[in-house]
Structures are given as structure tokens and as C-alpha cells.
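The values are calculated or read from the model by the stated rules, or taken from the named source; none is laboratory data. Computed from a prediction, not measured in an experiment: that's the story for all the values here. Because the Cβ atoms are built from the backbone with ideal geometry, glycine has one as well, and the counts that use them run over all protein chains shown.
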Amino acid sequence: MFKFIGRRVAQSVIVLFVIITVTFFMVRFAPGDPFSAERKMPEHIKQSLMAHYGLDQPLLVQYGRYLGNLLKGDLGPSFTGTRSVNQILAAAFPVSLELGGWALLIALGIGLPVGIVAAVFRNTLADYIPMSMAMVGICLPTFVLGPILALVFGVWLGWFNVSGWFMPLDRVLPATTIGLVYAAVIARITRGGMLEVLSQDFIRTAQAKGVPFPRIIVVHTLKGGLLPVVSFLGPALAGIISGSFVVETIFQIPGMGREFVNSAFNRDYTLVLGTVILYAALITAANLLVDVVQVVLNPRLRFEDS
Amino acid sequence: MDLKNPRLSPSAQRLPAPAVDLDAIESGASLWQDAWHRLRKNHLAVGSLWVLAFMALFCFVGPLLSPYDYFATDLEKTLLTPSRQHWFGTDDLGRDQLTRVMTGGRVSLGVGLIATAVSLLIGVVYGATAAYVGGKADAVMMRVVDVLYALPFTIFVILLMTLFERSIVLLFVVIGAVEWLTMARIVRGQVLSIKKQEFVEAAVSLGYTTRRIILRHIIPNVLGVVAVYATLTVPAVILLESFLSFLGLGVQPPMPSWGSLIKLGADNIQLYPHLLIIPAFFFSLTLFSLNFLGDGLRDALDPKSSKD
């Protein structure tokens with residue numbers, strides 16, 4: 001078990017390192033620099049700016065220095081504005097985290113019950129209707145669902161603000177936009193997992209013994225039936241985190257997604273790197289966590305890839 | 001009655017004419033004919049096929065019939081609501097919205113088809129080679145796929161599209177780079193199971209080259225799975241392209257795409273909801289149809305994998 005966790009942690013560190021390196025050099029090899037964006041500045045000022053930020057050093061030296069600072073938790077200064085990258089991310093990250101948290105809550109809160117009910121009442125209306133709606137939900141991307149929700153509930157019904165992130169109610173539309181899409185996927189996965197378990201022999205044995213049906217579902221089916229959902233949570237977390245780009249654009253939310261897109265446009269090297277590293281760390285950590293939880297829940301996996 | 005083998009029961013031929021074409025059975029239905037029969041019984045998939053046929057006509061022939069050009073601005077007629085001259089109204093620069101929706105569809109569908117083809121080619125060749133060669137090479141090739149899989153691709157795609165000169169070629173490269181990974185995995189799994197079968201052993205013992213065996217004997221046998229997955233890749237690619245265009249990182253103006261049209265609508269929902277509703281409708285309808293068709297194809301080509 002510890003060997004497995006150790007190996008997965010090592011793998012995650014390697015992936016993170018690859019991401020940091022690839023991003024660092026990709027940003028540098030792209031045409032343009034942070035000071036070429038707006039009006040042209042005199043050459044000597046630009047030179048001294050480059051020297052101030054250490055951009056005149058050989059690329060490998062810059063890379064080494066960046067990694068050194070990164071180990072100390074310092075993401076460097078931002079090239080646009082006066083705040084450091086750490087400060088910018090410290091302001092933007094909680095917003096995205098809150099949005100993602102609500103979205104995940106909505107996704108699980110709708111997806112799990114719907115999937116379980118659909119599996120229990122298989123091939124009845126309680127199965128067909130929610131499952132065809134889930135199919136629709138899976139096909140609809142956030143950038144279609146978001147504006148449509150804003151149109152119906154913001155403009156026509158006037159229940160919520162169309163954009164902004166000020167009042168508690170402003171959380172509803174963006175979080176629902178992200179949450180609904182994942183609720184649909186989770187409902188389908190839950191239904192599939194439950195049906196798989198329900199068709200097994202030990203369930204029939206339990207029925208033959210006269211165990212009441214609700215008890216069969218709660219005690220015997222849920223643990224195994226929800227396993228596929230756990231393994232989906234890794235990709236789902238990654239998707240929810242990166243899905244926030246679009247939703248933050250639609251609803252004008254001051255989160256990480258907006259900082260990321262803007263910084264890439266501005267060639268703000270350190271801010272780009274900082275956001276990518278934070279995103280990558282989150283996604284890698286989520287995947288790692290899910291892998292470990294899966295092995296804990298399903299001991300058979302422990303022997304699989306040795 | 002055992003329809004698959006009518007020769008075994010001579011009495012079968014004397015029965016009243018069955019609804020099935022006996023000649024076709026005698027000559028042996030191929031996998032594809034079989035699949036086509038099953039697909040035709042799936043109303044949802046057939047409906048989707050019709051919708052897609054209409055969509056193809058609408059997007060590829062439509063712009064030729066339209067009296068307007070998708071790039072022709074008319075600043076005196078901006079943001080009109082639908083009327084007899086402009087069925088879908090006009091956009092913020094006075095361009096005919098119907099023409100733009102049709103042209104945008106052409107871009108989205110075109111990118112979807114071409115990028116899917118590119119990612120298929122890479123994925124199939126890569127996956128088939130890894131599985132067929134096996135051993136260390138396979139391990140290394142699949143490790144590469146694993147590492148790439150772990151990368152947050154949305155982030156890299158956005159990064160690439162912002163940092164470099166945006167062009168439609170880069171768009172294809174970027175989308176192809178994302179989509180071939182799953183294909184490679186699926187094909188590898190299929191090839192591993194086919195590789196053990198006798199006809200491959202026969203080809204090996206006849207002394208054929210590895211290249212010939214992969215291209216002529218193995219790839220044709222994984223085509224069914226590939227076809228299903230390709231149908232499901234097209235909507236994924238269209239989605240990615242529209243996602244990028246929505247963020248302003250995909251197809252560049254004045255060329256429209258469904259993603260950029262939806263973005264324009266999303267920016268104007270307060271006053272001009274039709275700018276959102278119309279492109280969103282065409283976009284979603286196409287995605288639904290492609291997904292339903294993909295599901296139908298999967299059930300048709302591989303009835304065992306059907307969901308329940």
C-alpha cells in the first residue's frame with residue numbers, strides 16, 4: 001500500500017516537473033515579450049527593465065533561478081501592475097475554489113440520487129425521463145448552458161444578476177452551469193455502477209434470504225456501485241477547474257481562469273507560469289487522491305499493476 | 001429458425017417468404033451490412049442521420065444560395081431582429097446572421113471532420129504499432145501517452161493559441177494533439193486481442209513484413225471500433241473548436257464559427273436574445289445528433305457492448 005502511494009507520488013512529481021519545464025520554455029519561445037504589448041518604449045528603458053527582472057540572463061540560468069525560487073514558494077513578480085504573482089493568485093484562487101466547490105456539490109447532489117433512483121426503478125419512467133435529460137445535459141457545453149441560464153433566469157425571470165460576483169445569490173448561476181453538466185455524467189455513471197452490482201449473485205442471495213429491498217440497496221449495493229463515481233471524480237475535478245475559464249468569462253468572475261487568459265495575452269511570463277503551476281498542482285493532487293481512495297475502497301486494484 | 005445458417009435446415013426454403021432477404025443471407029452479410037440493418041432499426045440514430053444530412057446541406061450549400069456575404073458589413077442595418085430580408089436578423093456590424101450561422105457551421109463541421117481525421121490517423125498508427133511491436137517499445141510508447149494524459153490539456157491549448165500566431169493550421173495541430181491519445185489507447189487494446197488470433201499467425205508464418213501485417217491485416221479489423229469512436233470524436237472536436245472560438249482564441253474574424261457566434265449572443269442577451277438562441281440551437285442540435293449517431297453505431301457494430 002505504502003509502496004503504491006510512494007510510486008504514485010513520484011509519478012505526480014515527475015508530471016508536475018514536466019509541466020513546469022514545458023510551460024517555461026513554451027512561454028519563452030513564443031514571439032513577443034511582456035514589454036512589447038502597448039506603445040513602443042525607448043530601447044534603453046526596455047533594456048534596463050529586462051535587466052531588472054533578470055530577463056537578459058541566458059535562458060537556462062533564468063530557468064534554474066525560477067526553479068530555486070519556486071522551491072521556496074516564491075512565484076516571482078508580475079510584469080504587469082505592482083502586485084506579485086503570489087498576491088494575485090492569493091486573491092483569485094479562493095474565488096475559483098468557491099465556485100468549483102459549489103459546482104461539485106450541485107453535481108453530486110443531483111447526479112447521485114438521480115442515478116440511484118434510475119438504477120433501482122430501471123426501465124420505468126423514473127429511469128427514462130431523467131436519463132434522457134442527462135443525455136441532453138452531457139451534450140450541452142457550459143458555454144451554451146451558461147448564457148441560456150443567464151437569459152432565462154437573469155434576463156427574462158429577473159431572479160439573479162446576469163453577471164458579477166458580489167452577493168451570495170451571484171453564486172447560483174455560474175455554479176449551476178458547471179454543476180449540471182457534471183451532474184448528468186455522474187447520474188449516468190452511478191446508474192451503470194449500481195446496475196452492475198445489482199446483477200451479481202450476492203444480491204440475489206440477499207434477496208433470497210429475505211433482506212428488505214431498501215437495506216439491500218443501502219448496505220450491499222451502494223459501496224460497490226459508487227466506485228466508478230469515485231474514479232470519475234479525478235477527471236471531474238480537473239474538468240470543473242478548467243471549465244471555470246468559460247464560466248468566469250461569461251459571468252465576469254474575478255477568478256483564476258480570467259487571470260490566466262489575460263496573463264497569456266499580456267505575455268506576463270511569471271503570472272502565466274504561476275497559474276499553470278497552481279492548476280497543474282491541483283489537478284495532479286486530485287488525481288492522486290482519487291487513485292489512493294480507489295485502492296482503499298477496492299483492494300483488488302492493489303495487485304493489478306505490479 | 002436459424003437465419004444465419006439456412007442451409008442446415010432445407011425446410012426453411014419451403015416456408016412462406018420470410019421478411020428477410022434470403023439471397024443476402026446466402027451470400028453472407030458482411031459486418032457492415034449487418035450493422036446497417038441494426039442501425040436502421042434505431043429511430044434516434046436514423047433521425048440524427050437526417051438532421052446531419054440537413055445540417056451539411058445547410059452549411060455547405062446554404063451560403064452559396066444566400067444573397068449576402070458573411071463578411072459584408074452594413075453599418076446602417078446593425079442588430080436587426082429577424083425580418084423577411086434577414087431571416088435571422090443581423091449582427092453588431094450589420095452582417096446577415098443567417099449567412100453567418102451557415103458559414104459558421106461550415107467552419108465548425110469542417111474543423112470537426114478534418115481534425116478528427118488527423119487525430120484518427122495518428123492514434124491508429126501509434127496504437128497499432130505499440131501493440132503489435134510490444135515489449136519495451138510498447139511500454140515506452142504507452143508511458144508517453146500516460147504522461148501526456150496527465151497534462152492539463154485545456155490549459156496548454158489556451159496557452160498555445162494565445163502565445164503563437166493564431167491560424168487554422170495551429171488549431172488543427174492543437175486539437176489533433178489532444179484527441180489522438182484516447183484513440184491510441186483504444187486501438188492498442190483492440191490490436192492486442194486481434195494479434196493473438198490465427199490469421200495473424202498465418203500472415204507471420206508466410207513471411208509478410210510487419211508493416212504489411214499492420215496495414216493490411218490488423219487495421220482493417222479494428223475499423224469497427226475506430227468508426228464508432230470517430231463518430232464520437234467529431235462532436236468532441238467541434239466542442240473544443242467552439243470553446244476556443246468562444247474565448248476568442250479559435251477561428252479569427254471576420255470568419256465566424258458557432259463558438260464565436262454564441263459568444264456574440266452571450267454578450268448581447270439583455271437586448272438581442274435571438275443572437276444567442278439561434279446559433280446555440282443549431283450547435284446543440286448538431287452535437288446531439290452526432291452523439292446519438294455515435295451511440296447508435298456502437299450498438300449496431302458491437303451489439304454486446306450495448307449499455308444494458
Scope the range B:63-114; condition part of a loop (DSSP other than H, G, I, E, B), small (Gly, Ala, Ser) and surrounded by 14 or more Cβ atoms within 10 Å (Cβ to Cβ); matching residues = B:SER66, B:GLY89, B:GLY94
Boolean, A:ILE14 is within 14 Å of another protein chain (Cβ to nearest Cβ) and surrounded by 17 or more Cβ atoms within 10 Å (Cβ to Cβ) | no
Sort out which residues of the range A:124-144 are in contact with a Ser or Thr (Cβ under 7 Å, 6 or more places away or on another chain) and among the aliphatic types (A, V, I, L, M), and write them in order of number.
-> A:LEU140, A:VAL144
For the range B:234-241, state whether one or more residues are more than 10 Å from chain A (Cβ to nearest Cβ), within 24 Å of A:PRO174 (Cβ to Cβ), crowded, with 24+ Cβ neighbours inside 10 Å and in contact (Cβ under 8 Å) with a residue 12 or more places away in the chain.
-> yes
All-but-one check, A:TYR63 against (1) surrounded by 15 or more Cβ atoms within 10 Å (Cβ to Cβ); (2) touching a Leu at 6+ places or on another chain (Cβ under 8 Å), failing number (2)
A:PRO254 fails exactly one of the following numbered conditions: (1) more than 10 Å from chain B (Cβ to nearest Cβ); (2) part of a helix (DSSP H, G or I). What is the number of that condition?
-> (2)
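For (1) within 14 Å of chain A (Cβ to nearest Cβ); (2) under 25 Å from the mean Cα position of the chain (by Cα), each residue gets a yes or a no:
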{"site": "B:VAL140", "(1), (2)": "no, no"}
{"site": "B:VAL157", "(1), (2)": "yes, yes"}
{"site": "B:THR162", "(1), (2)": "yes, no"}
{"site": "B:LEU170", "(1), (2)": "yes, yes"}
{"site": "B:ALA177", "(1), (2)": "yes, yes"}
{"site": "B:GLU201", "(1), (2)": "no, no"}
Which one of these is farther than 25 Å from A:ALA281 by Cα and either modelled with pLDDT of 75 or more or not aliphatic (A, V, I, L, M) (or both): A:GLN87, A:GLN47?
-> A:GLN47
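This table checks each residue for (1) among the β-branched types (Val, Ile, Thr); (2) within 26 Å of B:MET161 (Cα to Cα).
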| site | (1), (2) |
| --- | --- |
| A:LYS3 | no, no |
| A:ARG7 | no, no |
| A:ILE14 | yes, yes |
| A:THR23 | yes, yes |
| A:ALA30 | no, yes |
| A:SER48 | no, no |
| A:LEU55 | no, yes |
| A:GLY68 | no, no |
| A:LYS72 | no, no |
Mind listing just one residue for me: the one in the range B:203-223 that is of a type outside the set (A, V, I, L, M) and touching a residue at least 24 places away in the same chain (Cβ under 8 Å) and, of those, surrounded by the most Cβ atoms within 10 Å (Cβ to Cβ)?
-> B:ASN221
Determine if the range A:50-58 includes at least one residue that is in a helix (DSSP H, G or I) and surrounded by 15 or more Cβ atoms within 10 Å (Cβ to Cβ).
-> yes
Any idea which of (1) over 22 Å from the mean Cα position of the chain (by Cα); (2) in a helix (DSSP H, G or I) is the one B:GLY127 doesn't satisfy?
-> (1)
Consider only pairs whose beta carbons are under 6 Å apart and that are at least six residues apart or on different chains; among these, list those whose first residue lies in the range A:125-136 and is of a type in the set (Asp, Glu) and whose second residue is surrounded by 15 or more Cβ atoms within 10 Å (Cβ to Cβ) and assigned to a helix (DSSP H, G or I).
-> A:ASP127/A:ALA118
Selection status of B:VAL222, part of a helix (DSSP H, G or I) and either more than 20 Å from B:GLY110 (Cα to Cα) or among the hydroxyl-bearing types (Ser, Thr, Tyr) (or both) = yes
Within the range A:69-103, track down each residue that is surrounded by 21 or more Cβ atoms within 10 Å (Cβ to Cβ) and in a helix (DSSP H, G or I).
-> A:VAL85, A:ILE88, A:LEU89, A:ALA92, A:SER96, A:LEU99, A:GLY100, A:ALA103
Report whether or not A:PHE160 is modelled with pLDDT under 85, crowded, with 21+ Cβ neighbours inside 10 Å and more than 9 Å from every other protein chain (Cβ to nearest Cβ).
-> yes
Within the range B:245-259, can you find the residues that are within 14 Å of another protein chain (Cβ to nearest Cβ) and either in a loop (DSSP other than H, G, I, E, B) or more than 12 Å from B:ILE168 (Cα to Cα) (or both)?
-> B:PHE246, B:LEU247, B:GLY248, B:LEU249, B:GLY250, B:SER257, B:TRP258, B:GLY259
Residue count, the range A:263-298 (criterion: in a helix (DSSP H, G or I), within 8 Å of chain B (Cβ to nearest Cβ) and over 18 Å from the mean Cα position of the chain (by Cα)) | 2
Being among the β-branched types (Val, Ile, Thr), within 30 Å of A:LEU271 (Cβ to Cβ) and surrounded by 19 or more Cβ atoms within 10 Å (Cβ to Cβ) is the filter here, so list the residues in the range B:163-202 that pass it.
-> B:VAL174, B:ILE175, B:VAL178
Would you point out the residue of the range B:271-292, among those that are of a type outside the set (Val, Ile, Thr) and under 18 Å from B:GLY110 (Cβ atoms), that is nearest to the other protein chains (Cβ to nearest Cβ)?
-> B:LEU287
Out of A:ASP201, A:ASP127, A:ASP170, report the one residue that is surrounded by fewer than 17 Cβ atoms within 10 Å (Cβ to Cβ) and acidic (Asp, Glu).
-> A:ASP201
Please work out which residue is nearest to B:VAL251 (Cα to Cα), limiting yourself to the range B:261-270 and to residues that are more than 8 Å from chain A (Cβ to nearest Cβ) and touching a residue at least 12 places away in the same chain (Cβ under 8 Å).
-> B:LEU261
Kindly indicate which of B:ALA177, B:ALA202 is in a helix (DSSP H, G or I) and modelled with pLDDT of 80 or more.
-> B:ALA202
